[in-house]
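Each remark here refers to the structure printed beneath this line.
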Amino acid sequence: MTNWVVILAGGSGTRLWPLSRRRLPKQFLPLLPGDETLLAATARRCSSIVPGERVLVVTAASQVEEVRRALPWLPSENVVAEPLARNTAPCIGLAALAVRARDPDGVMAVLPSDQAVRDERAFIAAVQQALVTAAAGEVVTLGIHPTRPETGFGYIHCGPPSEQQPWARRVLRFVEKPDHATALGYLASGEYLWNAGMFFFSAARILDEIGRHMPDLGRILDTIAADPAQVDSLYPTAPRISIDYGVMEKLPGAMYVVPADIGWSDVGSWAALPEVRPPDSDGNTVVGEAIAIDARGNVLVGDGRIVVAAVGVSDLVIIATADAVLVLPKERAQDVKKIVEALEAARRDPYL
């Protein structure tokens, strides 16, 4: 069996507004040290797992050119365009068709493009273990050892290790984002991992599971496989649902998780930026041009055309672009979504 990597690079670009927009979501932003983008870092890590010709990137049709600019080495035929965003179940199904067409026995590592990893060696080792388990016919996910009682992530409840592959543990259940007290219990038990949305399986196996648990989507994918010219007309009719809800949550007891300690961050808000971009001596995390005087613990971001200046303030998020300015306490960074929702309600599309 041959291994493939599928990178999911769609997304609507809301959690890091106003720098992140629909046309330029966070995976394309220069957020990492050296101004590397999350997408470029994901693809670079994968080059240690498979050769470039076995890396596929699935993205929105409107973002294909941005992917090609970000990854000029990627073969043009390895960019799979979604005619319309339909969430991860249809997206992964479309990618599985592409892998199966080239390699009927292909095994897929499906990885988000918008996550950061500090320990790349540990990441590569965990992915290789997961691929070995997937090659044995299993459905596998990667689980992150929790470092805090996080209420913003889903969790995976782990069972005993596999006898054949002791690095993998059986998945007992997926659980939704918990309240703080429940998250404390998960952390103390040692039986729960963060769900990072990384999955591993053969292309044939995931298409079978989609057909079993999501027959409407399965029929659409079967038709596209038989006649790829119908993708533009049929794919937009696919149900809008995640692979977690559509398939994974229906497989507890029948799939495995590989626990990993890889210095993982989903960069889920501006407050998380210091996890992936080291702060300066005053604790300020800077992207672009900024001047900070008697200012500490801030996130200061400009888009390259704006200088952000902060004087005598602490623990703020200040983001400035050519057409928008965001200022809020770092502790309320998750509330950026409220601004995006307000702009959507007011139909202020130029700012989204």
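The values are calculated or read from the model by the stated rules, or taken from the named source; none is laboratory data. Just so it is clear, the structure is predicted and the values come from calculations on it, not from any experiment. Because the Cβ atoms are built from the backbone with ideal geometry, glycine has one as well, and the counts that use them run over all protein chains shown.
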Residues that are over 21 Å from Ile262 (Cα atoms) and either of a type in the set (Gly, Ala, Ser) or not assigned by TED's automatic domain parsing to the domain that holds Ala135 (or both), drawn from region 160-190: Ser162, Ala181, Gly185
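Do we have Arg21 as basic (Lys, Arg) and modelled with pLDDT of 95 or more here? Steps first, answer last, please.
On the way: basic (Lys, Arg): yes; modelled with pLDDT of 95 or more: no.
No; evaluated as a whole, the condition is false for this residue.
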Considering each of Arg277, Arg296 in turn, give the residue that is under 23 Å from the mean Cα position of the chain (by Cα) and either among the hydroxyl-bearing types (Ser, Thr, Tyr) or outside the structural domain of Asp119 (by TED's automatic domain parsing) (or both). Arg277
If you take the residues in region 38-83 that are hydroxyl-bearing (Ser, Thr, Tyr) and in a helix (DSSP H, G or I), which one is surrounded by the fewest Cβ atoms within 10 Å (Cβ to Cβ)? Ser76
Checked Arg240, Arg212 against criteria (of a type in the set (Lys, Arg), surrounded by fewer than 18 Cβ atoms within 10 Å (Cβ to Cβ) and in contact (Cβ under 8 Å) with a residue 40 or more places away in the chain); the one match is Arg240
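Taking into account only those residues within region 1-13 that are assigned to a loop (DSSP other than H, G, I, E, B) and buried (at least 20 other Cβ atoms within 10 Å of the Cβ), which is modelled with the highest pLDDT?
Going through region 1-13, the residues assigned to a loop (DSSP other than H, G, I, E, B) turn out to be 1-2, 9-13.
With the extra rule that they be buried (at least 20 other Cβ atoms within 10 Å of the Cβ), the set shrinks to 9-11, 13.
Details: Ala9: 94, Gly10: 84, Gly11: 77, Gly13: 67.
Filtering region 1-13 for residues that are assigned to a loop (DSSP other than H, G, I, E, B) and buried (at least 20 other Cβ atoms within 10 Å of the Cβ), the one modelled with the highest pLDDT comes out as Ala9.
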Residues (hydroxyl-bearing (Ser, Thr, Tyr) and under 17 Å from Met214 (Cβ atoms)) located in region 77-116: Thr88
For region 104-161: of the residues being assigned to a helix (DSSP H, G or I) and without any contact (Cβ under 8 Å) to a residue 24 or more places away in the chain, which is surrounded by the fewest Cβ atoms within 10 Å (Cβ to Cβ)? Arg121
Select, from Ala81, Ala85, Ala61, the only residue that is touching a helix residue (DSSP H, G or I) at 6+ places or on another chain (Cβ under 6 Å), more than 28 Å from Arg170 (Cα to Cα) and assigned by TED's automatic domain parsing to the domain that holds Thr237. Ala81
Residue pairs qualifying under the 8 Å Cβ cut-off, at least six apart or on distinct chains, with the first in region 311-334 being on the phi > 0 side of the Ramachandran plot and the second being assigned to a loop (DSSP other than H, G, I, E, B) and modelled with pLDDT of 95 or more, are Gly312/Asp294; Gly312/Ala295; Asp315/Gly297; Asp315/Asn298
Restricting attention to region 39-62, the residues that are closer than 15 Å to Ser113 by Cβ and of a type in the set (D, E, K, R) number exactly 2
Right, Val327: buried (at least 18 other Cβ atoms within 10 Å of the Cβ) and not assigned by TED's automatic domain parsing to the domain that holds Gly154 or not? no
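Among helices (runs of 4 or more DSSP H) lying entirely in region 209-280, which contain 3 or more residues that are touching a helix residue (DSSP H, G or I) at 6+ places or on another chain (Cβ under 8 Å)?
On the way: elements: 215-226, 231-234, 243-246.
Helices (runs of 4 or more DSSP H) meeting the threshold: 215-226, 243-246.
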Residue list for region 1-35, restricted to those being under 14 Å from the mean Cα position of the chain (by Cα) and of a type in the set (D, E, K, R): Arg15, Lys26
Give region 100-158 a look and list any residue that's under 24 Å from Ala183 (Cα atoms) and of a type in the set (S, T, N, Q), or say none. Gln115, Thr141, Thr147, Thr151
Applying the selection to region 172-196, what residues are assigned to a strand (DSSP E or B) and surrounded by 15 or more Cβ atoms within 10 Å (Cβ to Cβ)? Leu172, Phe174, Val175, Tyr192, Leu193, Trp194, Asn195, Ala196
Does region 330-351 contain at least one residue that is in contact with an Asp or Glu (Cβ under 6 Å, 6 or more places away or on another chain) and in the same structural domain as Thr285 (by TED's automatic domain parsing)? yes
